[in-house]
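Have a look at the structure below, then the notes.
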Amino acid sequence: MMPTPAPDDFVTTALASLAATLPTARLWAAVAPQEPAGQGTGADRIATQFALLQAAEGFIAPDTASATRLRRLGWRGPLALLPGVADARGLEACSRLGLWHGIGQAAQIDWLAAHKSQQPQPVLLLAGAHGMAAQHLRSRYARLAALPQVEDVTLWAQASDGAAATALMAALQPVAQDWIGLRSIAVPVHLQAALPWPSLHRLAQQAEQHGWDVEFMCCM
């Protein structure tokens, strides 16, 4: 009888299986934030997640403190801040750390337009439950694309699972069918549970048929 994999082995094996089985999908490691000082075990949660997930193609950080820790640990690849900056000052960290960052509110575009930076930033225009309403996506995209502070804009439609992602792609089809930029459908994948292979395969097939890139946000 084969031994049950330890949790750490399960995570790394699941990540490798995703990469091998669905090679057209991009794998992001979505990290949980560091525990506040004086709470929990005091363990370096970011370092633990980084050690197990660094085979991913990119990392997603929930806040600038987590993004800073990932850079200090040596991550030099794509690093996204989702759902984006909480105030205009957060854009300084995006410039310093070389972050992609989410845009889900009109105020975030205003802050970016006023931001002084020598290096244009890639941004993710958020659609879905925590993003822009479908009727505003084109105008928000046009405004972002015209800013000198922006390197490129990706439409980032985020859903809770494969079924919700399929429904979201259908809802956005009137807007996205002749979209001139990049567009991605993103779903979380929990690596410490049995992977829902049929759902993930269906999503990858449907996304390819409709011209969407697939982003798996892998978490522990």
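Just so you know, all these numbers are worked out from the coordinates, no wet-lab data involved. As the structure is a computational prediction, the values presented were derived from the model and not from experiment. Cβ sites come from the backbone with ideal geometry, for glycine too, and all protein chains shown count toward neighbours.
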Pairs with Cβ under 9 Å, 6+ apart, first in the range 143-171 and without any contact (Cβ under 8 Å) to a residue 24 or more places away in the chain, second of a type in the set (D, E, K, R) and part of a strand (DSSP E or B)
none
Which numbered condition trips up residue 122, out of (1) touching a strand residue (DSSP E or B) at 6+ places or on another chain (Cβ under 9 Å); (2) surrounded by fewer than 20 Cβ atoms within 10 Å (Cβ to Cβ); (3) touching a residue at least 60 places away in the same chain (Cβ under 8 Å)?
(3)
Near pairs, Cβ below 7 angstrom, 6+ apart or cross-chain, from the range 70-85 (over 12 Å from residue 56 (Cα atoms)) to any residue that is crowded, with 16+ Cβ neighbours inside 10 Å and of a type in the set (Ser, Thr, Tyr)
81/64
What number of residues within the range 124-148 are touching a helix residue (DSSP H, G or I) at 6+ places or on another chain (Cβ under 9 Å), under 26 Å from residue 58 (Cα atoms) and not aliphatic (A, V, I, L, M)?
3
